[in-house]
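Here's the structure we're looking at; comments come further down.
Each value in this text was obtained by applying a stated rule to the coordinates, not by laboratory testing. All values derive from a computational prediction rather than experimental measurement. As a convention, Cβ positions derive from the backbone with ideal geometry for all residues, glycine included, and neighbour counts pool all protein chains shown.
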Amino acid sequence: LVKDGTKIIARTEATSLPLHMKTGGVVPEVAARKQVEYIVPVIKKCLEDSGFTKDRIDAIAVTVGPGLVGSLVVGVESAKALSLAWDRPLIPINHLTGHIYANFIGKKPEDIEFPAAVLIVSGGHTDLILMKGHGDFDYLGGTLDDAAGEAFDKVARTLGLSSYMGGPAISKAASRWRPVKTEPMFKRPMLGSGDFNFSFSGIKTAVLYKVNGFKNAGVGVPVNEVAYEFEEAVTDVLVFKTVRAAKKFGVKSLLIAGGVSANKTLRRKLEELAADEKFQLHIPPTELCSDNAVYIASCAFFNYYPARYAEVSADPSLTVMSKPSRV
Ligand code: KG4
Ligand code: ZN
């Protein structure tokens, strides 16, 4: 429950993380069934925690995509039911656009000036966009293969660190390594490509070869060092291209969003680079980086386009440039 797009009134979360840790990834059917089980209690608890009665709610926002269809359907249909029962407008929200609004929580809306360069780095997407205003984007580039988060997850698995949500595990291992000045272990993919695209599939394979090399040579895999080198390589390209876009388009702000924006190295490198630049850097609070409903509500405040029920449906394949239906 969010007020004025910037203030959290109440926040309730039901997480499937321990469940997916056990299965080593999301089993879509299991996730959707759990959501069916939890969605009503979560809505009820959030309202109770807020101290609000339902007549103080102005509108219902819901993620329509991208994502797993089963999970999206649970959200979309519940939101429609709520909207009908409470007689309040229903606002469909693009999940990726939503991520950006984690930056608005706890700020004044005018703190974030446009145009802004926005890097969205999540488990399934890596996009760089020029945000000229709310709902007004130019696409600058994105990943040509794996998303940044996906690369973190796969490399965590290769290193035997985690079978699910590998990002934090890589980060933790990397922080244990005391770097010595040597040649980087991995090439910075597409650093010199001259565009705003990324590629993370090659580095994932390079890590696999490296790890196999250690194993074949009969030496232990230096997990922390490989994690560090991988994190350095990935964050180097993310930061380089984002800052380059910010400079090229003379933006007033630079924003990051998505699960990977919780990464400490990424945040530190951006802070270091942005310090001397003309634009203002905005980094969302860590606890709002990964998927949550707070930024969806905030996004709906700044992109208030109520839709008819028939036009609101789960769409797993939306991109950052797709706009949910408007009436
Ligand atoms: O946005 P998100 O919560 O879910 C999707 O929409 O995909 O992003 C999840 C991704 C996962 O790949 C996870 O490993 C990554 O974000 N992630 C991180 C960190 N925390 C989460 N990656 C690197 N460093 C982190 N600290
Ligand atoms: Zn996400």
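Evaluation of residue 59 against the conditions (1) within 20 Å of residue 11 (Cα to Cα); (2) within 12 Å of ligand 1 (Cβ to nearest atom); (3) not acidic (Asp, Glu) shows that the sole unmet condition is (2).
Going through segment 128-152 one residue at a time, which ones are more than 12 Å from ligand 1 (Cβ to nearest atom) and of a type in the set (D, E, K, R)?
Passing the criteria: 132, 136, 138, 145.
In segment 1-42, the qualifying residues are those that are of a type in the set (Ser, Thr, Tyr) and assigned to a helix (DSSP H, G or I), and the one that is nearest to residue 150 (Cα to Cα) is 23. Taking the criterion of being of a type in the set (Phe, Trp, Tyr), surrounded by fewer than 22 Cβ atoms within 10 Å (Cβ to Cβ) and out of contact with any strand residue (DSSP E or B) (no Cβ under 6 Å at 6 or more places or on another chain), the residues of segment 212-253 that qualify are 214, 240. Do we have residue 72 as hydrophobic (A, V, I, L, M, F, W, C) and touching a residue at least 40 places away in the same chain (Cβ under 8 Å) here? Here the answer is yes, as residue 72 does meet what is asked. Looking across segment 242-265, just one residue is over 24 Å from residue 173 (Cβ atoms) and touching a Cys at 6+ places or on another chain (Cβ under 8 Å), and that is 257. If you go through segment 11-60 and keep only what is among the small types (Gly, Ala, Ser), surrounded by 13 or more Cβ atoms within 10 Å (Cβ to Cβ) and farther than 27 Å from residue 123 by Cα, you end up with 50, 59. Across segment 292-321, the number of residues qualifying as surrounded by 15 or more Cβ atoms within 10 Å (Cβ to Cβ) and free of Cβ contacts under 8 Å to residues at least 60 places away in the same chain comes to 0.
Residues that are charged (D, E, K, R) and away from ligand 1 (no atom under 13 Å from the Cβ) within segment 250-298 comprise 252, 271, 272, 276, 277, 278, listed in sequence order. If you go through segment 190-207 and keep only what is of a type outside the set (Gly, Ala, Ser) and either surrounded by fewer than 15 Cβ atoms within 10 Å (Cβ to Cβ) or at positive phi (or both), you end up with 190, 191, 195, 205. Among the residues of segment 253-264, at least one is basic (Lys, Arg) and touching a residue at least 24 places away in the same chain (Cβ under 8 Å). Screening segment 68-116 for residues that are small (Gly, Ala, Ser) and within 16 Å of ligand 1 (Cβ to nearest atom) and picking the one that is surrounded by the fewest Cβ atoms within 10 Å (Cβ to Cβ) gives 70. Kindly evaluate residue 211 against the criterion of being more than 28 Å from residue 128 (Cβ to Cβ) and either touching a residue at least 60 places away in the same chain (Cβ under 8 Å) or among the β-branched types (Val, Ile, Thr) (or both). It is true that residue 211 is more than 28 Å from residue 128 (Cβ to Cβ) and either touching a residue at least 60 places away in the same chain (Cβ under 8 Å) or among the β-branched types (Val, Ile, Thr) (or both). Please verify whether residue 75 is over 20 Å from residue 4 (Cβ atoms) and assigned to a loop (DSSP other than H, G, I, E, B), treating the condition exactly as stated. So residue 75 does not fit the description; no. Return the total of residues in segment 146-164 being over 17 Å from residue 221 (Cα atoms) and surrounded by 20 or more Cβ atoms within 10 Å (Cβ to Cβ). Here the count works out to 8. When segment 117-133 is filtered for residues that are more than 13 Å from ligand 2 (Cβ to nearest atom) and buried (at least 24 other Cβ atoms within 10 Å of the Cβ), the ones remaining, listed by number, are 117, 118, 119, 128, 129.
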